[in-house]
Amino acid sequence: MKITETARTPAQRRRDVLARLEREEDVWAATAAADGTPWLVALWFLWDGEAVWLATRTTSPTGRNLRDGRRVRLALGDTQDVVLIDGEAEVLTREEVPAATARAYIAKYGWDPGADSPSCAWFRVRPRAVQALRGEHEMKGRHLMRDGVWTV
């Protein structure tokens, strides 16, 4: 690949990240079991402006890892336009999830996790770090959030 574009400014990268979080449907969720076994799966998600919401069964490897280990790395895109989000997951029952969040998720996907299975739970992931880059030429300046605070 030949790089022909100039690197985006940090402010533009943040705008692009927020736009992708609003429009995209799938996110890769990387977790690990207590013994260190890695697990990677694509999940539907909802961005509420502060957190990424996921829904999956607590009986699945991802659900167990999110519940027990809490740490997760989320990824959007491919290597030529990637967003990486590191965060900690908080488990919420269907009774605890905000009604507006559940409605927005159901409207986006036509699927109600709470009605699907008793083992289905909601996971709120609050970003602690965000990186965004479109290829090698954007490695510098890729860190847009650190310790839960936007740097731009």
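The values are calculated or read from the model by the stated rules, or taken from the named source; none is laboratory data. This structure is a prediction, so every number in the text was calculated from the model and none was measured. FYI the Cβ positions are ideal-geometry reconstructions off the backbone, even for glycines, and counts take in every protein chain you see. We work out accessible area using only protein heavy atoms, side chains counted, and drop any ligands, DNA or RNA first. Shrake-Rupley method; radii C 1.70, N 1.55, O 1.52, S 1.80 Å.
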Quiz prompt | Given (1) in contact with a Phe, Trp or Tyr (Cβ under 8 Å, 6 or more places away or on another chain); (2) at pLDDT below 95; (3) not small (Gly, Ala, Ser), index of the condition Glu90 fails | solution = (2)
Quiz item: What about Val41, is it under 9 Å from Phe123 (Cβ atoms) and at pLDDT 95 or above?
Solution: no
Exercise. List every residue pair whose Cβ atoms lie under 6 Å apart, where the two residues are 6 or more positions apart in sequence or sit on different chains, the first residue falls within the range 45-59 and is under 14 Å from Asp116 (Cβ atoms) and at pLDDT 95 or above, and the second residue, located anywhere, is open to solvent by less than 10 Å² (accessible area, probe 1.4 Å) and part of a loop (DSSP other than H, G, I, E, B).
Key: Leu54/Phe45
Self-check item: Selected residue (criterion: most open to solvent (accessible area, probe 1.4 Å)) from residues of the range 11-36 that are free of Cβ contacts under 8 Å to residues at least 12 places away in the same chain and part of a loop (DSSP other than H, G, I, E, B)
Solution: Asp35
